[in-house]
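**Q** Quick one: structure below, then a few questions.
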């Protein structure tokens, strides 16, 4: 399974794409496959502060709940409210339309701790 | 495919549109009406102080025949213990004796109001005292409150008893320990009791990992909750060491009584060192599950904890009369009324029908039947904990998933085509592709053998024709459902005009 | 009696198959120290004929309200139960089934629950209802807990006019758990309702004052309340929402047939005891806790819920849904620990509401109200009773008896009447805050459609003659 190489990944299976000082966050294709059909995504509000490593929301399938862990810190500038009505987008298009939040990065250095697509693919193959 | 369906399904297929009750009847249809008014009728709006209903009331108007046909049709789409074998692990789906149903419907029980004078309810109170005494003897825990309405309610009530006892000795604690095999109600009850649930792993034998337990036991721990026999169907051999370790830090040992059926008359939680337990009367004591309830979850506690029990409870006076009383330092009520009395009547009748000898026989046959199924199935399905089980065992469909891509869920659905209710699946989580099988003592040998035969057939189908199994069921009133769609766009009630 | 079909011979064969020589060998895993080496000390088992006779004899030692002329209510009511109700709930496919976790063979239970949820929404005017709770008291507590989750606050204010047993239950949960119960408001003695504001004529803690202290998660109100009086929901809702709290309203489901539902006044959560809807009184249990709320809060709702969907062939079908709120998935973070609910009682309520229908429910409710007003007037006219306050009411009301209530109850029981509920008896476990001298004389009378004018006239005549 190959993940897009235009972004970095966390061990908790979130991806981050950086554009200037704004980071867009979602979950990986691998993660959505493991979860199965996503039925609900509970996201924070614009203005909330994310702290790296902390839970910032939840993603639900029919019979499971998983926490979303912040791969970077910063203030939320935008939330993908389209997921309220169509959470299945996370399954269909996890790396683009299925994005979850945008964050004004408070410490770009945190990105260094995240994995490249190649490392992430190796990480999930190891299990 | 038809060939493989030689076992006639327990639920007859009945396809086609099924109406909601709201879609039946006509505005002028009537079934039951109030009798003609024999007193003067004033202005309703005046009597209600201007609160007369203006909002529309979306209830059906139907005739009695329509009601009977509608609900008979719905019933025909259901599977109960009377329909066929229901080996649903941890749920003890045994036969529900009909005499008990008759008993609870006697006007002398069903027509009682909770606020009648006690001298008009002596028979009911005597029954409650009799049931309490029997439960105390069966569990070895002398203090009994029949108040809790269900198992989870009993768990919470017992944790509240612990809290009250700790408070009385000025001991504020914060944590409750539970094994990773615990029912979800355990941690949820801990939260409702204002404590934090700490989960510990099980060892490779499927038992409590004593070292892991001892590592988290300290004076902040209020209680340890354990199902014994546990949720993989094993009796924890170290039970005395476990309860001793718990008591050593001043904590209480709690027994989740979901699996009491296995040990009736063979051993008692009180003798194992447990301080409190709940009993699911709707499991062990043969009261019906009712499609989800009502159950009843009495709690039994040590003498030390009895003063804190929720009340009121039925008591016997020295003069031979009966009444309702409050334990000395009772924590208060956990509900209105005195318990799910209608369920208590059934459970009492069950205990009186069987007696001590009969109850022991229940445990013995339940355990024998489970071991019989395990022996017959263990060469085809992986059984992670292979030793002698109690009244249930957990086997795994991991082999079938690995080799043929057929999941336990698929095999469970295929069982429906053969007229069996599936076992509990994917619980406890620590067994991959788990199936928890509890035949109960009331299944005849012929049914056990038929179940084995069908499970082996399904295993063959999984190997030879996996798509067949993955598409099951085929013969049920409906087939696999769009559960994701239901959760994404919840439609939780009928609307006469679509939005 | 035994319900074990396996014969001795079969048992031996099973033991051989398992590879043990005796059943006791299967139990050898139990440490010897805790094995029970005797038979349980219980009465010997009975044959069905003996058991039937024993159960009859116990039942006959009761004098059920159903066989007397009863004016007893206070949360449990002696309404007529249509014959069809028990015929439906006695169908074994319904009552011997477990929770509908396998939807393909549980469509009967699932569709019935969906119909039940729809009916509770119709009655209460709310958007969503769950599949049932244990009883009205625990439904009220769950309402308070849910409000605390929604508002992220802990303090709830409960009116003193809520049923004392329900208040007692709330306090038990509060002492053990995650909410606190703020100071109670007082009873407005003008009409037996919650004291909202103070004027020259009233004294005591007002609801407005309690709310002014801030940080309130919920206000809990019952209407008609324990005394039978209606509450001023409009004003209470206004104040509650101004304080950023949720309004939890407990109410009577029969009256909802003719009464404007709490949703119209702004209730956020509506709960109640559903026993009056086709369930026997059964000495106070099992009852039926109904629970409804606004759609925007559905993910904080406790308990199971059924939703409509389709199967792979496109047929309409029903399934348990939004399960991630529940304990079997979310464990310690679940919205409640409830697992078993009161599904069969909910089925009885569904069949009941189908049997009486929209018009029948309204007719029954009107009849109850008319008869209760008739009895109250007649009792006041007898000169033995006085009114503690003037208030609109449904089919239950409180009057002060001019004499010893217990003596009156005993004397009337001898004459075949259950003469209402003594407020002091119920209040003994949780004070409603009214003057204790008055409480001692207060009697609650409930009048259902089963009572006739003849019975009421006879009752008034007898009580007047005491």
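**Q** Of all residues in segment B:256-286, which are within 18 Å of residue B:364 (Cβ to Cβ), out of contact with any strand residue (DSSP E or B) (no Cβ under 7 Å at 6 or more places or on another chain) and more than 7 Å from every other protein chain (Cβ to nearest Cβ)?
**A** Listed by number, the residues that qualify are B:260, B:261, B:262, B:263, B:264, B:283, B:284, B:285, B:286.
**Q** Based on what the data block shows, is residue B:223 within 26 Å of residue C:154 (Cβ to Cβ), touching a residue at least 24 places away in the same chain (Cβ under 8 Å) and crowded, with 18+ Cβ neighbours inside 10 Å?
**A** It is true that residue B:223 is within 26 Å of residue C:154 (Cβ to Cβ), touching a residue at least 24 places away in the same chain (Cβ under 8 Å) and crowded, with 18+ Cβ neighbours inside 10 Å.
**Q** Check B:148, B:36 and return the single one that is more than 7 Å from every other protein chain (Cβ to nearest Cβ), surrounded by fewer than 20 Cβ atoms within 10 Å (Cβ to Cβ) and in a loop (DSSP other than H, G, I, E, B).
**A** Unique residue meeting the criteria: B:36.
**Q** Counting just the residues of segment B:191-217 that are under 24 Å from the mean Cα position of the chain (by Cα) and touching a residue at least 60 places away in the same chain (Cβ under 8 Å), which one comes out nearest to the other protein chains (Cβ to nearest Cβ)?
**A** Top of the filtered list is B:206.
**Q** With the condition kept exactly as written, say whether any residue in segment C:24-39 is within 7 Å of chain B (Cβ to nearest Cβ) and touching a residue at least 12 places away in the same chain (Cβ under 8 Å).
**A** The answer is no; no qualifying residue exists.
**Q** May I ask you to verify whether residue B:382 is within 14 Å of chain A (Cβ to nearest Cβ) and in contact with a strand residue (DSSP E or B) (Cβ under 6 Å, 6 or more places away or on another chain)?
**A** No: the conditions fail for residue B:382.
**Q** Just wondering, is there one or more residues in segment B:405-412 that are surrounded by fewer than 20 Cβ atoms within 10 Å (Cβ to Cβ) and assigned to a helix (DSSP H, G or I)?
**A** So far as segment B:405-412 goes, yes, one or more of its residues are surrounded by fewer than 20 Cβ atoms within 10 Å (Cβ to Cβ) and assigned to a helix (DSSP H, G or I).
**Q** Another question about this same structure. Among what's in segment C:65-81 and is surrounded by fewer than 22 Cβ atoms within 10 Å (Cβ to Cβ) and within 7 Å of another protein chain (Cβ to nearest Cβ), pick the residue that is nearest to residue B:290 (Cα to Cα).
**A** Ranking the qualifying residues of segment C:65-81, first place goes to C:66.
Residues checked against (1) assigned to a helix (DSSP H, G or I); (2) touching a strand residue (DSSP E or B) at 6+ places or on another chain (Cβ under 9 Å); (3) farther than 21 Å from residue C:231 by Cα:
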residue	(1), (2), (3)
C:110	yes, yes, yes
C:116	yes, yes, yes
C:126	no, yes, no
C:131	no, yes, yes
C:137	yes, yes, no
C:144	yes, yes, no
C:149	yes, yes, yes
C:156	no, yes, no
C:161	no, yes, no
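**Q** Oh, and also: Scanning for something within 27 Å of residue B:311 (Cα to Cα) and free of Cβ contacts under 8 Å to residues at least 12 places away in the same chain, does segment C:394-401 turn up at least one residue?
**A** Scanning segment C:394-401, I find no residue that is within 27 Å of residue B:311 (Cα to Cα) and free of Cβ contacts under 8 Å to residues at least 12 places away in the same chain, so the answer is no.
**Q** If you don't mind, another one. Could you tell me whether residue B:435 is buried (at least 19 other Cβ atoms within 10 Å of the Cβ) and assigned to a strand (DSSP E or B)?
**A** yes
**Q** Right, next: Go through (1) touching a residue at least 24 places away in the same chain (Cβ under 8 Å); (2) buried (at least 24 other Cβ atoms within 10 Å of the Cβ); (3) out of contact with any strand residue (DSSP E or B) (no Cβ under 7 Å at 6 or more places or on another chain) for residue C:213 and report which single condition fails.
**A** All conditions are met except number (2).
**Q** Could you please let me know if residue A:71 is in contact (Cβ under 8 Å) with a residue 24 or more places away in the chain, touching a helix residue (DSSP H, G or I) at 6+ places or on another chain (Cβ under 8 Å), in a loop (DSSP other than H, G, I, E, B) and within 13 Å of another protein chain (Cβ to nearest Cβ)?
**A** Answer is no for this residue.
**Q** Just checking: which of the strands (runs of 3 or more DSSP E) contained wholly in segment C:258-367 hold 2 or more residues that are at the interface with another protein chain (Cβ under 7 Å from one of its Cβ atoms) and farther than 18 Å from residue C:126 by Cβ?
**A** So the answer is C:306-310, C:316-320.
**Q** Could you list all residues from segment A:42-63 that are surrounded by fewer than 21 Cβ atoms within 10 Å (Cβ to Cβ) and not in a loop (DSSP other than H, G, I, E, B)?
**A** Residues satisfying the conditions are A:42, A:49, A:55, A:57, A:58.
**Q** Here's something else I'd like to know. Going residue by residue through segment B:347-367, is there one that turns out to be more than 11 Å from chain C (Cβ to nearest Cβ), crowded, with 24+ Cβ neighbours inside 10 Å and within 25 Å of residue C:100 (Cα to Cα)?
**A** yes
**Q** Here is a further query. Which strands (runs of 3 or more DSSP E) does segment B:268-352 wholly contain that include 1 or more residues that are touching a helix residue (DSSP H, G or I) at 6+ places or on another chain (Cβ under 8 Å) and closer than 24 Å to residue B:254 by Cα?
**A** Per the criteria, B:276-278, B:299-301, B:313-316.
**Q** Quickly run through segment B:159-186 and pick out the residues that are in a helix (DSSP H, G or I) and either closer than 15 Å to residue B:278 by Cβ or more than 9 Å from chain C (Cβ to nearest Cβ) (or both).
**A** B:159, B:160, B:161, B:162, B:165, B:166, B:168, B:185, B:186
**Q** I'd like the residue in segment B:218-237 that is within 21 Å of residue B:248 (Cβ to Cβ) and in a strand (DSSP E or B) and, out of all such residues, is farthest from the chain's Cα centre (by Cα).
**A** Among residues in segment B:218-237 that are within 21 Å of residue B:248 (Cβ to Cβ) and in a strand (DSSP E or B), the one farthest from the chain's Cα centre (by Cα) is B:221.
**Q** Still on this structure, I have one more. Test each condition in (1) surrounded by 24 or more Cβ atoms within 10 Å (Cβ to Cβ); (2) assigned to a helix (DSSP H, G or I); (3) within 22 Å of the chain's Cα centre (by Cα); (4) facing another protein chain (nearest Cβ under 7 Å) for residue B:135 and report the one that comes out false.
**A** (4)
**Q** Sticking with this structure for a sec: Can you tell me which of (1) in contact with a strand residue (DSSP E or B) (Cβ under 8 Å, 6 or more places away or on another chain); (2) outside any helix (DSSP H, G or I); (3) more than 24 Å from residue C:288 (Cα to Cα) is the one residue B:95 doesn't meet?
**A** In the conditions (1) in contact with a strand residue (DSSP E or B) (Cβ under 8 Å, 6 or more places away or on another chain); (2) outside any helix (DSSP H, G or I); (3) more than 24 Å from residue C:288 (Cα to Cα), residue B:95 misses (1) alone.
**Q** Identify the residue in segment C:449-466 that is assigned to a loop (DSSP other than H, G, I, E, B) and surrounded by fewer than 22 Cβ atoms within 10 Å (Cβ to Cβ) and, among all such residues, is modelled with the lowest pLDDT.
**A** Here the residue is C:466.
**Q** Here is a follow-up. Could you please find all residues in segment A:81-103 being without any contact (Cβ under 8 Å) to a residue 40 or more places away in the chain, within 15 Å of the chain's Cα centre (by Cα) and in a loop (DSSP other than H, G, I, E, B)?
**A** A:81, A:93, A:96, A:97
**Q** If I ask for residues that are within 12 Å of another protein chain (Cβ to nearest Cβ) and assigned to a loop (DSSP other than H, G, I, E, B), which ones from segment C:163-191 would you list?
**A** Hits for segment C:163-191 are C:163, C:177, C:178, C:179, C:191.
The values are calculated or read from the model by the stated rules, or taken from the named source; none is laboratory data. Predicted, not measured: the structure shown is a model, and the values here were computed from it. All Cβ positions, glycine included, derive from the backbone under ideal geometry; neighbour counts span all protein chains shown.
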